[in-house]
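Novice: Just dropping this structure here.
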């Protein structure tokens, strides 16, 4: 039976009518969102109380996209339903009633962490640390089962009456959007988005670590690390502004804990923690006052790497220092993806050591050696990457963002443009020579007269 909005309003207004969605009897409203509501409900078959999350995708998506969105919603919900972990809310059932899709979940007593993320209502630091460690390990379990949450925020973290933490809305709280590529896109909650999320890039487990680090920061000092008066300002801050130090708000916190959060808030996913277990372990070490592992490249080594590359032969000492400050020096292991086909952003890359493969349609196009640059055309034109770039061997790659250079050092940006032009001219000259040599060889082979 199709349940229209009007009928729901009428039924819900009549106390004599038993309100139902699917087989579930509605007992009350727990919350409302953009596409539906969360009800306290009863499963009459076994008498179990549940939290029933409903969605009306037809109110948001075109009819041509609706089946895809609903199918993907249920696919992700089924995956989430297989996550059985003490710190992840249990999914019992899912289904559809007319235009309404629903998921029946474990009904939890307690409060979300939105009750504890402001000054004056903060939890004890020791409690916050234990909560975040538990979330790290729950995410580690989920990631090992190929599930990325994509919307870690205080509202999706339930602190139960018996003082346990539960992650809710795995694979369901995210908003979905179908596009011409028929991919399931994610829009998170703006204040907790990772930089790659704000750019619509492919997401990895490191996205969850960034969002969790924002929550961690907020639970410790009562404010989020990235601010903005408008959505645009907030997105720009997340993408390009360095996170402030925890210690500037609470000097009594362990300095190493600040380092842990700074690492999880790195703009580049590759520089964040590799797993939730590693994240939790580093928190433990920081609290114990032990040295934490920072895999960063030292300033002197950065300058040395840059000076050894022909690309930087015309850069002076001050410019090299600026590049070391604004660029990201990232280590890649063999087979790690550096650039994905279809990504659109304003970053470009220079290989400082090792080599990479350029791959399209599962075929190697070319191999780029140390000193080569790539991604500059996509960065300059803000168009989609046309191929994958994959590490061929252990390598160090410099990653620079034109928008960061434009804001922090316009002169340095102009210098890169000049080098790009010189590089392009050099490439064109080499291509012209190769074509000319090939033409001569062909002409000689066929005993044809050479053209002037």
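The values are calculated or read from the model by the stated rules, or taken from the named source; none is laboratory data. Keep in mind it's a predicted model, so treat the numbers as computed, not measured. Cβ atoms come from the backbone with ideal geometry, glycine included; neighbour counts cover every protein chain shown.
Novice: Say whether the condition of being part of a helix (DSSP H, G or I), over 16 Å from the mean Cα position of the chain (by Cα) and within 30 Å of residue 112 (Cβ to Cβ) is met by at least one residue in the stretch 296-314.
Specialist: no
Novice: With the requirement that a residue be buried (at least 18 other Cβ atoms within 10 Å of the Cβ) and touching a helix residue (DSSP H, G or I) at 6+ places or on another chain (Cβ under 8 Å), what does the stretch 298-321 give you?
Specialist: 302, 306, 311, 312, 315
Novice: Does residue 416 fit the bill of being buried (at least 19 other Cβ atoms within 10 Å of the Cβ) and not assigned by TED's automatic domain parsing to the domain that holds residue 307? Let's see the steps before the verdict.
Specialist: Details: buried (at least 19 other Cβ atoms within 10 Å of the Cβ): yes; not assigned by TED's automatic domain parsing to the domain that holds residue 307: yes.
Taking the combined requirement at face value, the residue satisfies it.
Novice: Here is a follow-up. Pick from 357, 434, 363, 392: which is touching a residue at least 40 places away in the same chain (Cβ under 8 Å) and either surrounded by fewer than 18 Cβ atoms within 10 Å (Cβ to Cβ) or under 29 Å from residue 302 (Cα atoms) (or both)?
Specialist: 392
Novice: A follow-up question, please. Does residue 341 satisfy the condition of being crowded, with 17+ Cβ neighbours inside 10 Å, under 23 Å from the mean Cα position of the chain (by Cα) and in contact (Cβ under 8 Å) with a residue 40 or more places away in the chain?
Specialist: For residue 341, the condition - crowded, with 17+ Cβ neighbours inside 10 Å, under 23 Å from the mean Cα position of the chain (by Cα) and in contact (Cβ under 8 Å) with a residue 40 or more places away in the chain - is not met.
Novice: Given the criteria over 21 Å from residue 142 (Cβ atoms) and either touching a residue at least 40 places away in the same chain (Cβ under 8 Å) or not assigned by TED's automatic domain parsing to the domain that holds residue 25 (or both), does residue 42 qualify?
Specialist: When the stated conditions are applied, residue 42 does not pass them.
Novice: Residue 120 passes all but one of (1) modelled with pLDDT under 90; (2) assigned by TED's automatic domain parsing to the domain that holds residue 158; (3) touching a strand residue (DSSP E or B) at 6+ places or on another chain (Cβ under 7 Å); which number fails?
Specialist: Of everything listed in (1) modelled with pLDDT under 90; (2) assigned by TED's automatic domain parsing to the domain that holds residue 158; (3) touching a strand residue (DSSP E or B) at 6+ places or on another chain (Cβ under 7 Å), residue 120 misses just condition (3).
Novice: Does the stretch 263-279 hold any residues that are assigned to a helix (DSSP H, G or I), in contact (Cβ under 8 Å) with a residue 60 or more places away in the chain and surrounded by 21 or more Cβ atoms within 10 Å (Cβ to Cβ), and which are they?
Specialist: Matches in the stretch 263-279: 276, 279.
Novice: Give 147, 69 a once-over and let me know the one that is closer than 26 Å to residue 196 by Cβ, in the same structural domain as residue 249 (by TED's automatic domain parsing) and under 27 Å from the mean Cα position of the chain (by Cα).
Specialist: Testing whether each residue is closer than 26 Å to residue 196 by Cβ, in the same structural domain as residue 249 (by TED's automatic domain parsing) and under 27 Å from the mean Cα position of the chain (by Cα) leaves just 147.
Novice: Of everything in the stretch 101-116 that's part of a strand (DSSP E or B) and within 9 Å of residue 158 (Cβ to Cβ), which residue is modelled with the lowest pLDDT?
Specialist: Result: 110.
Novice: Counting residues that are at pLDDT below 90, which strands (runs of 3 or more DSSP E) fully inside the stretch 128-237 reach at least 1?
Specialist: Counting at least 1 such residues, we get 175-178, 184-187.
Novice: With respect to residue 292, is the statement that it is surrounded by 14 or more Cβ atoms within 10 Å (Cβ to Cβ), without any contact (Cβ under 8 Å) to a residue 60 or more places away in the chain, not in a helix (DSSP H, G or I) and not assigned by TED's automatic domain parsing to the domain that holds residue 393 true?
Specialist: Yes.
Novice: Of the conditions (1) modelled with pLDDT of 60 or more; (2) in contact with a strand residue (DSSP E or B) (Cβ under 7 Å, 6 or more places away or on another chain), residue 3 satisfies every one except a single condition; which number is it?
Specialist: Tallying (1) modelled with pLDDT of 60 or more; (2) in contact with a strand residue (DSSP E or B) (Cβ under 7 Å, 6 or more places away or on another chain), residue 3 fails exactly one: (1).
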